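Trainee: Let me give you the structure first, and then I'll get to my questions.
The values are calculated or read from the model by the stated rules, or taken from the named source; none is laboratory data. Since we're looking at a predicted model, the values are computed, not measured. With ideal geometry, Cβ positions are generated from the backbone for all residues, glycine too; neighbour counts draw on all protein chains shown.
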Amino acid sequence: MKLYDSQGPNPQIVRTFAAEKGVALDKVPVDILGGENRGQAFRAKNPMGQLPALELDDGTILTEVVAICEYLEELHPHPALIGATAEERAATRMWQRRFDLGVLEPYMFGFRATAGRAFFAPRMTLLSESAGHEMLGQMAEKLKHFDRLLAGRQFVCGDRFTLADITLGCFLLFGKSMGAALPPGLDWVPGWLDRLATRPSFAA
C-alpha cells in the first residue's frame, strides 16, 4: 500500500494510526506548498485534491482520514484503535464525531481565514477574517466543554487509547507547532496532550 503523504494534521493522523498498529506504509510525498496536490496527476488519483490518500495494491484509492483508518483497523484489528466490541466502537465514533464537528472543522475554517490566510487565499474560497476569528472562538468554547467532560480520564475513551485521541491530538499538536496557544482555562487537555506527544507514533 502507498500513502500519499504531506505536511498537516490529516496525513499525521494516518501515519500515527498505522504506527500504533505496527503497519508499514510506503509513503509518497506530495508537495502541497508547491500545489502538487492540485495538479492533474494527483487529481487523477484523488479528484478532491486532498491529502492523505491510500493506494491499495490493486490500484484502488481510498481517501478521507476516518475511512482510511477504518480500513486499516479491519485489516489489522490488534491493537484495537477504534474498538474490539460494538460498544467500544460506538464510543470511539461518538467522540470522533464530536471532535470533527466541534473542534476540527471550526479550527480549520478559522485557521485558514486568519493565520493561514496568505497560503490558502489563492487556493480556495475563505471565510472573512472576522468570521474566521468567530470560528476559532466557537472551537475554544467547545474544547472547554469537552475538557470538562473528559476530566479524570487517561484517554478520551477512558483507559483505551483510540482514533479519537489520535485525531484531536494531531490537530492540537499541529496548532501548537504553528504557534497557536491552547484556549485558557483548560484543565484536562494540556496534560493529556503532553502524554500523547511522548508516544513515538506521533513522530511517525
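Trainee: For Leu182, indicate whether it is assigned to a helix (DSSP H, G or I) and under 19 Å from the mean Cα position of the chain (by Cα). Show your work before the answer.
Mentor: Values: assigned to a helix (DSSP H, G or I): no; under 19 Å from the mean Cα position of the chain (by Cα): yes.
For Leu182, the condition - assigned to a helix (DSSP H, G or I) and under 19 Å from the mean Cα position of the chain (by Cα) - is not met.
Trainee: Kindly evaluate Pro200 against the criterion of being closer than 17 Å to Leu81 by Cα, of a type outside the set (Val, Ile, Thr) and surrounded by fewer than 13 Cβ atoms within 10 Å (Cβ to Cβ). Before the answer, list the steps.
Mentor: Values: closer than 17 Å to Leu81 by Cα: yes; of a type outside the set (Val, Ile, Thr): yes; surrounded by fewer than 13 Cβ atoms within 10 Å (Cβ to Cβ): yes.
So Pro200 passes the test.
Trainee: Within 14 Å of the chain's Cα centre (by Cα), at negative phi and free of Cβ contacts under 8 Å to residues at least 60 places away in the same chain, is that true of Glu105? Walk me through how you get there before you give the answer.
Mentor: On the way: within 14 Å of the chain's Cα centre (by Cα): yes; at negative phi: yes; free of Cβ contacts under 8 Å to residues at least 60 places away in the same chain: yes.
Yes: the conditions hold for Glu105.
Trainee: Being surrounded by 14 or more Cβ atoms within 10 Å (Cβ to Cβ), at pLDDT 95 or above, among the basic types (Lys, Arg) and not in a helix (DSSP H, G or I), is that true of even one residue in the range 157-164? Give the derivation first.
Mentor: Step one: list which residues in the range 157-164 are surrounded by 14 or more Cβ atoms within 10 Å (Cβ to Cβ), which gives 157, 160-164.
If we keep only those that are at pLDDT 95 or above too, we end up with 157, 160-164.
When the remaining residues are screened for being among the basic types (Lys, Arg), the result is 160.
Applying the additional criterion that residues be not in a helix (DSSP H, G or I) yields 160.
Yes, the range 157-164 contains at least one residue that is surrounded by 14 or more Cβ atoms within 10 Å (Cβ to Cβ), at pLDDT 95 or above, among the basic types (Lys, Arg) and not in a helix (DSSP H, G or I).
So that you can scan it fast, the table gives a plain yes or no per residue for (1) more than 11 Å from Ala204 (Cβ to Cβ); (2) among the hydrophobic types (A, V, I, L, M, F, W, C); (3) outside the structural domain of Leu196 (by TED's automatic domain parsing); (4) under 15 Å from the mean Cα position of the chain (by Cα):
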residue	(1), (2), (3), (4)
Asn10	yes, no, yes, yes
Ala18	no, yes, yes, yes
Ala24	no, yes, yes, no
Asn46	yes, no, yes, no
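Trainee: Given the residues Leu173, Leu126, which is the only one that is surrounded by fewer than 19 Cβ atoms within 10 Å (Cβ to Cβ) and not in a helix (DSSP H, G or I)? Working first, answer last.
Mentor: On the way: Leu173 fails: not in a helix (DSSP H, G or I).
None of the others qualify; the one that does is Leu126.
Trainee: Let me ask something additional. When the residues of the range 3-56 are narrowed to those that are touching a His at 6+ places or on another chain (Cβ under 9 Å) and surrounded by fewer than 21 Cβ atoms within 10 Å (Cβ to Cβ), which ends up nearest to Ile166 (Cα to Cα)?
Mentor: Start the filter on the range 3-56 by keeping residues that are touching a His at 6+ places or on another chain (Cβ under 9 Å), which leaves 18, 21-23.
If we keep only those that are surrounded by fewer than 21 Cβ atoms within 10 Å (Cβ to Cβ) too, we end up with 21-23.
Numbers: Lys21: 12, Gly22: 15, Val23: 16 Å.
Here the answer is Lys21.
Trainee: Taking the condition without any contact (Cβ under 8 Å) to a residue 24 or more places away in the chain and buried (at least 16 other Cβ atoms within 10 Å of the Cβ), does Arg97 pass?
Mentor: Numbers: without any contact (Cβ under 8 Å) to a residue 24 or more places away in the chain: yes; buried (at least 16 other Cβ atoms within 10 Å of the Cβ): no.
No: the conditions fail for Arg97.
Trainee: Okay, next question. Which condition number does Ala115 fail, the rest of (1) among the small types (Gly, Ala, Ser); (2) crowded, with 18+ Cβ neighbours inside 10 Å; (3) at pLDDT below 95 being met?
Mentor: Status for Ala115: all satisfied but (2).
Trainee: Restricting to the range 66-95, and then to whatever is among the aliphatic types (A, V, I, L, M) and outside any helix (DSSP H, G or I), can you tell me which residue is farthest from Leu25 (Cα to Cα)? Please lay out each step first, then the result.
Mentor: From the range 66-95, those among the aliphatic types (A, V, I, L, M) are 66-68, 72, 75, 80-82, 84, 86, 90-91, 94; that's our starting set.
Next, only the ones that are outside any helix (DSSP H, G or I) stay: 80-82, 84.
On the way: Ala80: 18, Leu81: 17, Ile82: 19, Ala84: 23 Å.
Among them, the one singled out is Ala84.
Trainee: Let me ask you something else. Using beta carbons and a limit of 8 Å, which pairs, at least six apart or on different chains, have the first residue in the range 156-173 and closer than 12 Å to Arg195 by Cα and touching a residue at least 40 places away in the same chain (Cβ under 8 Å) and the second one crowded, with 21+ Cβ neighbours inside 10 Å and among the aliphatic types (A, V, I, L, M)?
Mentor: Correct list of pairs: Phe161/Leu81; Ile166/Ile13; Ile166/Leu81.
Residues are listed down the side, and each one gets a yes or a no for (1) at pLDDT below 95; (2) assigned to a strand (DSSP E or B); (3) touching a strand residue (DSSP E or B) at 6+ places or on another chain (Cβ under 9 Å); (4) closer than 26 Å to Pro79 by Cβ:
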| position | (1), (2), (3), (4) |
| --- | --- |
| Tyr4 | no, yes, yes, yes |
| Pro11 | no, no, yes, yes |
| Val14 | no, no, yes, yes |
| Ala18 | no, no, yes, yes |
| Val23 | no, no, no, yes |
| Lys27 | no, yes, yes, yes |
| Leu33 | yes, no, no, no |
| Asp58 | no, no, no, no |
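Trainee: Kindly indicate whether Pro190 is within 18 Å of the chain's Cα centre (by Cα), free of Cβ contacts under 8 Å to residues at least 12 places away in the same chain and either crowded, with 16+ Cβ neighbours inside 10 Å or farther than 24 Å from Gln50 by Cβ (or both).
Mentor: Details: within 18 Å of the chain's Cα centre (by Cα): yes; free of Cβ contacts under 8 Å to residues at least 12 places away in the same chain: yes; either crowded, with 16+ Cβ neighbours inside 10 Å or farther than 24 Å from Gln50 by Cβ (or both): yes.
So Pro190 passes the test.
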